[in-house]
Amino acid sequence: MSSEEIQEAKQSHDDFKQLLADAHAAGNAPGSVEAKEVVDKHMATISPYMPMSRSKQVLLARMYVADERFAEAYGDNRQYLQDLVEAQAEAEAIDLDNVDWE
């Protein structure tokens, strides 16, 4: 990646992190229309760098919670992000007990 692309990726992440924090502060419930927008934005920030599916997104969100190295990336909103992603995945008929890295 060029230095410009790196800066754009950082800005995209920072923008998403703020969107997530704002959604959490506003009390946007998992499964709501507003929550879906956050989940879709999360996927959009990752998909330029790797093929994404909702199942992969569930596994990534779980990793953010399980691995403390992501504390800096998503702060106290890691569990909230996981809750949003899992609610959206369930709404899309993904079995959360059998999620695969597709």
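Overview of values
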read-out: In Å², nearest 10: area of Glu4 left accessible to a 1.4 Å probe; value: 120
read-out: Dipole moment magnitude, nearest 20 debye, the chain about Cα centre, only Lys, Arg, Asp, Glu C-beta charged; value: 80
read-out: By accessible area with a 1.4 Å probe, ligands and nucleic acids excluded, highest first: order of His42, His13, His24; value: His24, His13, His42
read-out: Tilt relative to the chain, helix 3-26 - C-alpha long axis, 0 to 90 degrees, to 10; value: 40
read-out: Accessible surface, the chain, averaged per residue in Å² (probe 1.4 Å); value: 59
read-out: Highest-fluctuation residue, Val33, Val65, Val85 considered, GNM on the chain with Cα pairs under 10 Å; value: Val33
read-out: Neighbourhood charge, 12 Å Cβ-Cβ cut-off, centred on Glu92 and excluding it, Lys, Arg +1 and Asp, Glu -1; value: -2
read-out: Accessible heavy-atom area order of Arg69, Arg62, highest first, probe of 1.4 Å; value: Arg69, Arg62
read-out: Local net charge near Asp22, Cβ-Cβ under 14 Å (Lys/Arg +1, Asp/Glu -1); value: -3
read-out: Fraction of accessible area attributable to carbon and sulfur, the chain (%, probe 1.4 Å); value: 50
read-out: Loop chymotrypsin sites (Phe, Trp or Tyr not before Pro), segment 43-99, which have at most 16 other Cβ atoms in a 10 Å radius of their Cβ (DSSP); value: Tyr49
read-out: Listed residues Lys56, Lys10 arranged by accessible area, highest first, probe 1.4 Å; value: Lys10, Lys56
read-out: Relative contact order (percent, whole number), the chain, Cα cutoff 8 Å, 6+ residue spacing; value: 32
read-out: Where labels lie 7 Å past Cα in the beta-carbon direction, separation of Ser32 and Ala44 in nm; value: 1.9
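The values are calculated or read from the model by the stated rules, or taken from the named source; none is laboratory data. Not measured: the values here are computed from a predicted model. Counting neighbours? That spans all protein chains shown, and the Cβs are built from the backbone with ideal geometry, glycine included. We work out accessible area using only protein heavy atoms, side chains counted, and drop any ligands, DNA or RNA first. Shrake-Rupley method; radii C 1.70, N 1.55, O 1.52, S 1.80 Å.
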